[in-house]
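Comments concern the structure below.
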Amino acid sequence: MSEQQIDFTNDDVTLDSLPKAEDVIMKSLSPSYPTILIIVTLLMTAIPVIAITILSLLDAPVLIIHYTSWFYIGAAVFLIIGYFWSHLDAKHRGYAIREQDILYKSGVIWRNVIAVPFNRLQHAELHRGPLERLFKLSSLRLFTAGGLKADMTIPALPEIDAIRIREFVLASASKSA
Amino acid sequence: MANTPENKHDVGSNNKRMSELMKNWKRLSPVAIAYFVIATLKQTAQHSWQALAPLAVVIASKGFNIWWFTLAGTAIIIAVIIVAVLKYLYFRFSMTETSFLIRSGVINKKQLNLAFDRIQNIEIKQPVYFRPFGLSVLTLESAGSSSEEVNLAGIPIGLANTVKSDVIFKQTQLTPVIVNENTDNNLSETSEAPIIEQDLKNLIKHGISNNNIWIFAGLAAPILNQFDKSLNWLITPEIRNTYEQVEALGPAALIGSTIILGLIILGTLMLISVAASILIYYNYKLFRSGGRIFRQNGLLEKQQANMEESKIQRIVIRQSAIGRMVGSFNIIFKQIGFARNAYQSGKNFTVPALDTSGYKYISSLLYSGIDWKHIKTKPINSMYIRRLVLITSLPLLAIAIFVALQTNLYAFLILSLLLPLTPMFIQSHKRYRYALYNEYAIMQSGFIGKSISVFPMYKIQNIRIIQSPGQRRKNLATIKINIAGQTLSMPYIPIKDAYLWRNIILAKIEQSDEPWM
């Protein structure tokens, strides 16, 4: 064990002086994030709605065209819920970058906060989907040796922020490694 | 990568061979076909023995025809050899300054690029049939994906050693790891006394308490199901007669004989398990020297393995339900990325049949500063039980209401299923315990048996705190701790403790300059 670690005993005084991750103020994602979520919801509903409309216009011999009105009502309800949910979802996401680690929270019902220390970072990548490109946004994906997929994905960061964060994160990672 | 003078010196002796290798795609030695034959047989056995079992039944029920059997056997052997030769022909490898390239696959071709700095485990094995040719199997495992595992079978032992030291050398430029050269061969020369030796009595204990018999029984069940269809040939007139005689004696005799039969089957399974335990772990010795752990065991096939202590991500102290009765524990040293083939490869380092003082001794030896006398583990909140009862009762209630509407109110008797379930939840709740002690985290879970994970906090990759609405109301949380591919979670602990764990763990990780892998 190195010298530094010996400082860290189970002393109450030391524990109180630990930096508190629960007190950090989370920065929220880009204000366009709900819009992106709403567009995704729209697309998700549009595809089956269009399909059903075409089927009923053609009077296709499928059972579902007898329930088209129910289907439209369902889609409308889904869209309304989706609209509010998108805002809620975006409101409950946020990230905080500290000197040594990065925190990311997500989840409306199950609140989830993950902390990734920079010196455990394997690699970081920027990802731009078509919708994100439209809004000039990027997602930042951080990988530790934890699993096969990204341990932390921060969606909808303004491109400049995303690049800056990635550079800071990678610089801190290589400094501490 | 910069070629420092030391680098040249180190690799110099084999520079010629290495540069030759780098130039072109190379094939393995033809002797490797033998390896592929064995590997193919192993794979077939692992993946399709359940499918082959009915075939055996067909053969048995049709009567055993020696000619037919020989013909089928020859056909299978020829097919396996053809597959092995094809695999051999299509397997090529090459090396660059920084990575391994492997092309393989007969139908689905694939090229694998394995970077040196991502290789986390190198192993050199010498099967009996490779020895006369001076060949070996070089196994490379990467830290990332489990599919990036490479077996180079049939390469000269000298080259394997060169590759090993070269890869280790290239890695040590990045991470300071103490490299202990040629540790694979000098096991018998280790002068130190073993830290653990297991005698027959302990191995029998291990055989009895090993969970493997249940796994075995689980595997046997589908085969027995296959037998079920053509079970008639099994019931001979003698058996039928005996059954009728017992039945005539009354229901008590029938139940009694069923229990006796069950006990006989269980006893047989246990005997098999004990025999397997002795076969595998006979003369078990565990050594420790130069930052490595060595193990030696086996009756017929002697196994020697070693592992770098710094590569151990966590140790798991495991006690099965039966192990609890005989007071027997296992310790498993968990490495990275071995979860997929832990049962197949035996690379998981297991110390069998320890008693309480044994596991305490080994864990405190490996993790200095662990003192079990002073570790006070805490229980989780009892809301865990209530939540589990709620989660299971809701679907049961829904089913009950649905059935009641169709039939009558007796359907609500389905809810009585909760009666046996609740004690199970209580038992599971009791097993969850957690503690931080000096540099270490201790997390226990289980049901009747238990499994205690102990690990230094700096090995942790990331930490997650999750709160459901109910947990938020009661100031509780679930923490999930990720240690190189393995996630451990502790449900329903006070949020205060969750925050404390996160703050301490982050501080430990961030202050540590110890390599986690």
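The values are calculated or read from the model by the stated rules, or taken from the named source; none is laboratory data. Being a predicted model, the structure only gives us computed values, none of them experimental. Methodologically, a virtual Cβ is constructed for each residue, glycine included, from the backbone with ideal geometry; neighbour enumeration extends over all protein chains shown.
Note on the stretch B:477-517: among residues that are β-branched (V, I, T) and over 15 Å from A:V113 (Cβ atoms), the one that is modelled with the highest pLDDT is B:I504. Restricting attention to the stretch A:129-149, the residues that are closer than 26 Å to A:I36 by Cα, assigned to a loop (DSSP other than H, G, I, E, B) and in contact (Cβ under 8 Å) with a residue 12 or more places away in the chain add up to 2.
Condition check: over 29 Å from B:S489 (Cβ atoms) and of a type in the set (F, W, Y). Does A:F143 satisfy that? Judged against the criteria, A:F143 is not a match.
Taken over the stretch A:106-119, residues that are of a type outside the set (V, I, T), buried (at least 17 other Cβ atoms within 10 Å of the Cβ) and touching an Asp or Glu at 6+ places or on another chain (Cβ under 9 Å) amount to 5. With respect to being at positive phi and either in contact (Cβ under 8 Å) with a residue 12 or more places away in the chain or within 14 Å of another protein chain (Cβ to nearest Cβ) (or both), A:A156 fits the description. Whether any residue in the stretch A:111-123 is among the basic types (K, R) and assigned to a strand (DSSP E or B) is what I want to check. Yes - at least one qualifying residue is present in the stretch A:111-123. Counting the residues of the stretch B:479-503 that are more than 21 Å from B:S428 (Cα to Cα) and of a type in the set (D, E, K, R) gives 2.
Scanning the stretch A:133-142 for residues that are surrounded by fewer than 22 Cβ atoms within 10 Å (Cβ to Cβ) and out of contact with any Gly (no Cβ under 9 Å at 6 or more places or on another chain) yields a total of 5. Selection of strands (runs of 3 or more DSSP E) fully inside the stretch B:414-510 by the criterion of at least 2 residues being farther than 27 Å from A:K149 by Cβ, away from chain A (no Cβ under 12 Å) and hydrophobic (A, V, I, L, M, F, W, C) returns B:450-456. For B:Y499, are the conditions met, namely being more than 20 Å from B:I370 (Cα to Cα), free of Cβ contacts under 8 Å to residues at least 60 places away in the same chain and among the hydroxyl-bearing types (S, T, Y)? Yes.
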